[in-house]
Structures are given as C-alpha cells and as structure tokens.
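Enquirer: Input: one structure, supplied below.
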Amino acid sequence: MPVSGFNRFSIKLLSTFFYTGCFPLAPGTFASLVALFIYLSIRNNAAVQIGIILLLLVLGFFVCSRAEEVFNKKDPPYIVIDEVAGMFLSLLFIGYSFKLVFIGFFLFRLFDTLKVFPAARIERVGGAIGIMGDDIIAGLYANALLHLLLRVAPSIAS
C-alpha cells in the first residue's frame, strides 16, 4: 500500500529523528551526538531512559521499512532513528561521568561502523530489522563493554 502525504511527512520526521538525519556530514554520528545531549538531560532517570528506548524501538521498527519506500532507497543515510536508539542503549544503567559518556559514544560508533557479529548478518536481512538490528547490537555491545570497564576499572567513572 502506498504511503499517503501525511504519512510520508510523519515517516520522514520520525525516521530522520526530526530531520537530524539530513545533516550533510556523517548523519549517523550527528544523530548519535544529538542522542547524547538528550541523554545528558535525563541521565539521572532510568525510567525515562527505558521509556525513550522502548518508544524509539517501537517507532523505529514501525517507520524504517516505510522510510525506505518514502526515500526510494535501501537503508538511506537519512534514517537515523536507529542510531539514536543504539546510542541510548549504549548508555543505559551506566551512570554519568564525562569519561563514561565519551567512551560510550566512541564505542557505539566503533561497533556500529565495524558491524561486529552478528550485526552485519542482521543488516543484510533488510527492511526495519536490518536497519534497526545492527544499531541495537552496537548499542548492546557498547553497553556491555562499558559495564565490564566499570567492573575492571571503577576509577574510570570518576
């Protein structure tokens, strides 16, 4: 079923995370930075973080394959709701310190770029699963490594 005019607008708005994905240079990295700044404003409220992550995941899975139709391109770079969700996942239950947030951002971008198993395989599935899946994995890997770092070197949090 073709996407109507209003739906096209909504899908573009959400999939690009309010047009963050239209940033001309490295839209995924830019969207991750935007997510980071949003995270900083809610860093002390795990319930809100979980709510945002769930909302991003539901919306992301709903709009991503439709966004491919709207943009008439497979996994276009403008779709960044997946990066925003992945960035939030990478910082979940981490707490706050400038070092941790910086390391979390770096790890998320690294894992998202490297497509560590099974991310590349999931990305090849295509559609919403492929678009969202690799970033979810990158966020989970970054989060797990951050928690490991906190256990091995707790001084990193200061």
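The values are calculated or read from the model by the stated rules, or taken from the named source; none is laboratory data. Everything numeric in this text was worked out from a predicted model, so none of it was measured. Please note: Cβ atoms are built from the backbone with ideal geometry, for glycine as well, and neighbour counts cover all protein chains shown. What goes into the accessible areas is simple: the full protein's heavy atoms, side chains included, and nothing from ligands, DNA or RNA. Shrake-Rupley method; radii C 1.70, N 1.55, O 1.52, S 1.80 Å.
Enquirer: So which of Gly28, Gly60, Gly51 ends up being out of contact with any Ser or Thr (no Cβ under 7 Å at 6 or more places or on another chain), loosely packed, with under 13 Cβ neighbours inside 10 Å, in a helix (DSSP H, G or I) and not hydrophobic (A, V, I, L, M, F, W, C)?
Expert: Gly51
Enquirer: Residue by residue through segment 127-149, note down the ones that are open to solvent by less than 40 Å² (accessible area, probe 1.4 Å), over 12 Å from the mean Cα position of the chain (by Cα) and without any contact (Cβ under 8 Å) to a residue 60 or more places away in the chain.
Expert: Of everything in segment 127-149, those that are open to solvent by less than 40 Å² (accessible area, probe 1.4 Å), over 12 Å from the mean Cα position of the chain (by Cα) and without any contact (Cβ under 8 Å) to a residue 60 or more places away in the chain turn out to be Gly130, Asn143, Leu146.
Enquirer: Next up: Would you confirm whether or not segment 77-95 contains a residue that is touching a His at 6+ places or on another chain (Cβ under 8 Å) and touching a residue at least 24 places away in the same chain (Cβ under 8 Å)?
Expert: yes
Enquirer: May I pose another question? Scan segment 3-25 residue by residue and report those that are surrounded by fewer than 19 Cβ atoms within 10 Å (Cβ to Cβ), touching a helix residue (DSSP H, G or I) at 6+ places or on another chain (Cβ under 8 Å) and either at pLDDT 95 or above or in a loop (DSSP other than H, G, I, E, B) (or both).
Expert: Answer for segment 3-25, where residues must be surrounded by fewer than 19 Cβ atoms within 10 Å (Cβ to Cβ), touching a helix residue (DSSP H, G or I) at 6+ places or on another chain (Cβ under 8 Å) and either at pLDDT 95 or above or in a loop (DSSP other than H, G, I, E, B) (or both): Val3, Tyr19, Phe23.
Enquirer: I would also like to ask the following. May I ask you to verify whether Val58 is closer than 20 Å to Phe17 by Cα and touching a helix residue (DSSP H, G or I) at 6+ places or on another chain (Cβ under 6 Å)?
Expert: Criteria not met by Val58.
Enquirer: Could you grab me the full set of residues in segment 78-119 that are under 17 Å from Gly133 (Cβ atoms) and outside any helix (DSSP H, G or I)?
Expert: Of everything in segment 78-119, those that are under 17 Å from Gly133 (Cβ atoms) and outside any helix (DSSP H, G or I) turn out to be Ile79, Val80, Lys115, Val116, Phe117, Pro118.
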